[in-house]
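The structure under discussion appears below in the form of structure tokens.
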Amino acid sequence: MNIDFNKNNDGLVPAIIQDAKTNKVLMLGYMNAEAFEKTTATNKVTFFSRAKSRLWTKGEESGHFLNVVSIKNDCDNDTLLIHVNPVGPTCHTGSDTCWNDVNEQSFGFLSELENVITSRRENADSQKSYVASLFEKGINKIAQKVGEEAVEIVIEAKDNNDDLFLNEGADLLFHYLILLQAKGYTLKDIVSVLEGRHK
């Protein structure tokens with residue numbers, strides 16, 4: 001890897017630290033050539049501390065190490081992107097990230113939809129909310145709806161109407177998310193099972 005440590009007068013390059021699983025940016029630090037060498041030798045992120053004027057392995061005092069998964073150099077060879085598996089919170093304040101974000105895996109809009117389902121289950125009037133009414137009717141009704149939607153998507157898969165097929169797919173996924181919550185699970189639990197099978 002060709003890193004241009006001489007681009008800046010101080011011999012440092014920025015190193016963006018990103019969680020390999022959640023893709024959350026955890027922190028930004030700086031590395032000189034020696035810090036980079038130690039990082040690659042130990043597989044634990046080591047920075048050059050500008051405040052302490054020395055090498056500093058993240059976690060050397062707290063035990064909250066950043067275990068290296070991969071290192072990428074940018075197009076100008078002067079900025080690193082380091083994917084890690086963090087051990088504990090990253091920020092010295094105790095926060096998961098230096099921007100005070102919670103470091104949780106997100107599935108984009110599907111995570112937003114899960115939150116809406118949770119909110120409707122806990123707060124909505126079953127007379128006004130379809131989701132709340134399903135939860136009120138219980139697990140058997142929710143499971144039945146998933147079964148109905150599964151049959152409908154199979155039927156649409158045999159036809160050539162893409163719009164109907166995609167809409168039935170959305171209905172199936174929506175009701176499956178409701179069923180997961182009714183059973184006390186979330187998408188994260190399903191992803192964990194899939195990841196376990198992938199290994």
Ordering of 45-55, 1-11, 119-129 by burial proxy (mean other Cβ atoms within 10 Å per residue, highest first): 45-55, 119-129, 1-11
Vicinal HN-Hα couplings computed from phi for the stretch 136-146 (Karplus, 6.51 cos²θ - 1.76 cosθ + 1.60; Hz; Gly/Pro x): 5, 6, x, 4, 4, 5, 5, 4, 4, 5, 4
Eligible lysines near Lys128 by straight Cα distance, threshold 24 Å, same-chain separation 8 or greater: Lys137, Lys141, Lys145, Lys183
Mean Cα-pair separation over length for the stretch 83-199, i.e. relative contact order, pairs under 8 Å, 6 or more apart, %: 17 percent
Heavy atoms of Phe107: accessible area, 1.4 Å probe, square angstrom to 10: 60 Å²
Cross-link reach list, lysines versus Lys44, counting only Cα pairs under 29 Å and skipping chain neighbours closer than eight places: Lys7, Lys21, Lys24, Lys52, Lys58, Lys72, Lys188, Lys199
Solvent accessible area, Å² - Val87, 1.4 Å probe, full protein context: 60 Å²
Value of D in µm² per second that Stokes-Einstein yields for the stretch 1-137, Kirkwood Rh from Cα pairs, at 20 °C (1.002 mPa s): 125 µm²/s
Within the accessible area of the chain (1.4 Å probe), percent carbon and sulfur: 50 percent
Solvent exposure, largest accessible area first (probe 1.4 Å, DNA, RNA and ligands not counted), of Thr79, Thr40: Thr40, Thr79
Amide proton proximity set for Asp78, modelled H, under 5 Å, gap of 5+: Asp4
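The values are calculated or read from the model by the stated rules, or taken from the named source; none is laboratory data. Everything quoted here is computed from the prediction, not taken from an experiment. Every residue, glycine among them, receives a Cβ derived from its backbone with ideal geometry; neighbour counts consider all protein chains shown. Just the protein is used for accessible areas: all its heavy atoms, side chains included, with ligands, DNA and RNA removed. Shrake-Rupley method; radii C 1.70, N 1.55, O 1.52, S 1.80 Å.
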